[in-house]
Amino acid sequence: LNYALIFGKFGFPELGFAGAAWGTVIATAIQCVVLLLFFLTGSRAAAFGTRRVRLDLPATGQIIRYGGPTGLQIVFDLASWGVAISWLVGWFGTAALAATNIIVRYMHLSFMPPVGIGQVLQAMVGRAIGSGDKELATRHTALAMKVSGAYMGTAAILFVIFREPLLSIFVDAQEPLRDEIIRIGAGIMIIAAVFQFFDAMAIIYGNALRGAGDTIWPAVATAICSIFIYILGGMSLAYFVPSLGSAGPWLMGMTQIIILGMALWLRWQFGPWRKIDIFAGSDKKLATEGT
C-alpha cells in the first residue's frame, strides 16, 4: 500500500509522502481486524470464551498492576529513541539527522528479532513459573540470551565492517551532502555497534522479568536511564561539548543501554522475582480455569 499510494501504482492515486501515512494507517487497521477475527472466532473462542463479556474487577486490577509499568517502560523507550534522538541530533544539521535516521533503520533490523524472542520468552517464563518450575524459566532465559546475543553481536560486527556501504544504500549518488552523511554516519555506526550486545541483554532480561511479574523495577530503571542519562546527558554534551557533534547524544544513548542492560541482568540474577506470586488472589482462580 505504501508503494502504491506513494508512487500512484496499480490504479491508486499518487500521494507522495502522505501516501506513506495512508498506507501505514490502512495496513494497521487491516491487521487489527484480522487479529480481532482470530480472537473472536473458531477454536480460540470456544476454548477461552473470548466472546463473553464479563467484567472482573480484581482481574482487571491485576492486569493494570502488571501491565501498566510495562506500558510506561515502552513510553520512555519511545521518548528517548523515537523522539529525543531526532531532537538532539537535529541541533547539528541535516546531514547528522539523515545519518541518524539511516542508522536507526539498521538498528531495527538488529533488535526486532530479539524483541520477538523476548515476547515469546515472556510467555514461556510466565508459563514455567505458573507450573512451579522456576529453574525452567532460568533455562529459557539463558537460551534466549545466547540466541539474541549471538544475533546482535553479529549485527555489531557487520555494522563496523560494512558501515560505509550500508550507509551508501540510503544516500543518492547526487545528494550534495552524501559525503558528509557517510562520514558522520560511519562514526555513529561504530557507537551503535558497541551497545548491540547490551541491548540484547536489556531486551531479554527485561522480558524475562516481566514474565516473572517483576514489572515495576524494569520500568523505573528504564525511566531513570532514559531521563537522566540519555535525555539530560545528551542535552548536556550537545550544549557544553558541541565539538562532539551528533556523536554526543549517541554516546549518552550508548551509556544508557549499557547501564540498563547490566542493571536488568543483575536484577534477573539476584532480584526477588523468584518470590513473586503472579497468580495471587483472583489470578490463581483464572489460571486454574484456563488450565
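The values are calculated or read from the model by the stated rules, or taken from the named source; none is laboratory data. Since the model is a prediction, treat every value here as computed from it, not as a measurement. Don't worry about glycine lacking a Cβ; one is built from the backbone with ideal geometry, like all the others, and counts go over all protein chains shown. Side chains are part of the model used for accessible areas, which takes the heavy atoms of the whole protein and leaves out ligands, DNA and RNA. Shrake-Rupley method; radii C 1.70, N 1.55, O 1.52, S 1.80 Å.
For the condition modelled with pLDDT under 95 and either open to solvent by less than 50 Å² (accessible area, probe 1.4 Å) or in contact with a Phe, Trp or Tyr (Cβ under 8 Å, 6 or more places away or on another chain) (or both), THR288 does not qualify.
Of all residues in region 29-58, those that are in contact (Cβ under 8 Å) with a residue 40 or more places away in the chain have Cβ atoms under 8 Å from Cβ atoms of residues that are open to solvent by less than 100 Å² (accessible area, probe 1.4 Å) and in a helix (DSSP H, G or I), 6 or more apart or on another chain, in PHE48/GLY290; ASP56/SER282; ASP56/LEU286; PRO58/SER282.
Per the conditions (1) open to solvent by 30 Å² or more (accessible area, probe 1.4 Å); (2) within 22 Å of ALA221 (Cβ to Cβ); (3) touching a helix residue (DSSP H, G or I) at 6+ places or on another chain (Cβ under 8 Å), the sole criterion not satisfied by GLY126 is (1).
For residues that are part of a loop (DSSP other than H, G, I, E, B) and among the aliphatic types (A, V, I, L, M), scanning just region 136-174, find the one that is least open to solvent (accessible area, probe 1.4 Å). Don't jump to the end; show me each part of the working.
In the first step, residues of region 136-174 are kept if they are part of a loop (DSSP other than H, G, I, E, B); the result is 162, 170-174.
Next, only the ones that are among the aliphatic types (A, V, I, L, M) stay: 171, 173.
Numbers: VAL171: 13, ALA173: 76 Å².
Among those residues, the one meeting the criterion is VAL171.
Among the residues that make up region 17-29, is at least one of them open to solvent by 80 Å² or more (accessible area, probe 1.4 Å) and within 23 Å of the chain's Cα centre (by Cα)?
yes
Which residues, counting only those in region 266-277, are part of a helix (DSSP H, G or I) and surrounded by fewer than 19 Cβ atoms within 10 Å (Cβ to Cβ)? Correct list: LEU266, GLN269, PHE270, PRO272, ARG274, LYS275. The residue pairs whose first member lies in region 83-108 and is over 15 Å from LEU251 (Cβ atoms), whose second member is hydroxyl-bearing (Ser, Thr, Tyr) and part of a helix (DSSP H, G or I), and whose beta carbons are closer than 8 Å, counting only pairs six or more residues apart or on different chains, are SER86/THR100; LEU97/SER86; ASN101/SER86. Answer yes if at least one residue in region 175-198 is of a type in the set (A, V, I, L, M), closer than 25 Å to VAL125 by Cβ and open to solvent by less than 10 Å² (accessible area, probe 1.4 Å), and no otherwise. Scanning region 175-198, I find no residue that is of a type in the set (A, V, I, L, M), closer than 25 Å to VAL125 by Cβ and open to solvent by less than 10 Å² (accessible area, probe 1.4 Å), so the answer is no. Scanning region 47-76 for residues that are among the charged types (D, E, K, R) and open to solvent by 60 Å² or more (accessible area, probe 1.4 Å) gives ARG51, ARG52, ARG54, ARG65.
Take the conditions (1) at negative phi; (2) surrounded by 20 or more Cβ atoms within 10 Å (Cβ to Cβ); GLY213 misses just one of them, which is (1).
None of GLY213, GLY234 is assigned to a helix (DSSP H, G or I), over 18 Å from HIS108 (Cα atoms), at pLDDT below 95 and of a type in the set (Gly, Ala, Ser) except GLY234.
Can you tell me which residue in region 216-239 is surrounded by the most Cβ atoms within 10 Å (Cβ to Cβ), limited to those that are touching a Ser or Thr at 6+ places or on another chain (Cβ under 9 Å) and without any contact (Cβ under 8 Å) to a residue 60 or more places away in the chain? Within region 216-239, the match that is surrounded by the most Cβ atoms within 10 Å (Cβ to Cβ) is CYS225.
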